[in-house]
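Colleague: Dropping the structure in here first, questions after.
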Amino acid sequence: MTEPPRLYADPGDGFEREPFCGSFKAGAFDWTLCTVHVLFGANEAARRPEILLLDDVYRVERDAGAEKDVIICGDFNFGPDDAGWSELKAEDGMKFAVDAPAKTTIADKSLYDNCWWPTAAREIVDGSVDIFEFDELMYPPGSRKEANRLTSDHRPISISARIDLPDDD
């Protein structure tokens with residue numbers, strides 16, 4: 001960790017659970033990672049406002065210092081094709097890891113979990129996403145309700161980064 005982790009200041013109090021950000025360095029790759037769990041809400045209209053604020057989180061973290069590789073990961077309670085992503089997608093050519101038809105919740109119900117990063121973050125390996133389908137390993141077919149009761153209903157995802165690229169500076 002290159003500096004103390006922090007909660008996003010959330011100046012308009014728009015998040016139920018503020019994003020949590022930390023900055024890291026491994027080899028030649030340095031980045032800021034922000035995690036967030038977007039409000040599920042009663043319906044899509046109730047939860048979309050938090051998605052619409054993620055471009056602000058990205059800009060604040062990107063502009064806070066020299067680090068420009070800002071990665072936003074979490075449970076967004078929306079797939080990456082939702083119109084609410086338009087503002088974040090417009091920032092620095094943002095990419096996302098998991099695309100349809102993949103599902104990130106148990107029993108293959110939804111694509112809510114993802115990671116977003118700017119095109120310039122060349123260390124992130126495109127297509128490297130892995131979805132750990134723990135429910136397929138731990139619970140036999142027909143027992144998914146038990147899995148949901150005992151564990152998260154979200155499958156962990158990961159992306160890979162190359163840390164050995166030389167600095168351009």
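Colleague: Counting only chymotrypsin sites (Phe, Trp or Tyr not before Pro) that are in a DSSP loop and have at most 16 other C-beta atoms within 10 Å, tell me the longest site-free stretch of the chain. Before the final figure, lay out each step's value.
Modeller: Details: sites that count: 40, 132.
Formally, the longest exposed-site-free interval is 41-131.
Colleague: Also, quick follow-up: With a 1.4 Å probe and every protein chain kept in, tell me what percent of the accessible surface of the chain is carbon plus sulfur. If you can, show how the numbers build up before the last one.
Modeller: Numbers: 4930 of 8990 Å².
Summing carbon and sulfur atoms, their accessible area is 55 percent of the total for the chain.
Colleague: As a test question: what accessible area, to the nearest 10 Å², does residue 60 have when a 1.4 Å probe is rolled over all protein chains in place?
Modeller: That residue has around 70 Å² of solvent-accessible surface.
Colleague: If you don't mind, there's one more thing I want to ask. Could you check the simple spin-label distance between residue 2 and residue 109, using points 7 Å along Cα→Cβ, in nm with one decimal?
Modeller: 3.9 nm
Colleague: Still on this structure, I have one more. Using only the alpha-carbon atoms, how far is helix 54-63 inclined from the longest principal axis of the chain? Give it as 0 to 90 degrees, nearest 10.
Modeller: Helix 54-63 and the main axis of the chain meet at about 30 degrees.
Colleague: Shifting gears a bit: Starting from segment 6-56, pick out the GluC sites (Glu not before Pro) whose DSSP state is loop and whose Cβ has at most 16 other Cβ atoms within 10 Å.
Modeller: Numbers: sites: 16, 44, 50; in loops: 16.
Sites meeting the loop and neighbour criteria: 16.
Colleague: What is the magnitude of the charge dipole of the chain about its Cα centre, with +1 placed on the Cβ of each Lys and Arg, -1 on the Cβ of each Asp and Glu, and no other charges, expressed in debye to the nearest 20? Let's see the in-between values first.
Modeller: Details: 18 positive and 35 negative charges, 113 e Å.
Once rounded to the nearest 20, the dipole reads 540 debye.
Colleague: For the chain, what does the helix formula give at 222 nm: sum of -39500 (n - 2.57) over DSSP H segments with n ≥ 4, over the residue count, nearest 500 deg cm²/dmol?
Modeller: Details: 5 runs with 35 residues, N = 169.
Helix contribution divided over all residues of the chain: -5000 deg cm²/dmol.
Colleague: In addition: Accessible area per residue, 1.4 Å probe, Å², for the chain: what's the number? Don't jump to the answer; show the numbers that get you there.
Modeller: Working: 8990 Å² over 169 residues.
Dividing the accessible area of the chain by its residue count gives 53 Å².
Colleague: Less than 19 Å from a label point 7 Å out along the Cα-to-Cβ axis of residue 86: which backbone N atoms in segment 34-52 qualify, by residue?
Modeller: Zone members listed by number: 44-52.
The values are calculated or read from the model by the stated rules, or taken from the named source; none is laboratory data. From a predicted model like this one, the values you see are computed outputs, not experimental measurements. A quick note on method: Cβ atoms are made from the backbone with ideal geometry, for glycine too, and the neighbour counts reach across all protein chains shown. Keep in mind that these areas ignore ligands, DNA and RNA; they rest on the heavy atoms of the full protein, side chains included. Shrake-Rupley method; radii C 1.70, N 1.55, O 1.52, S 1.80 Å.
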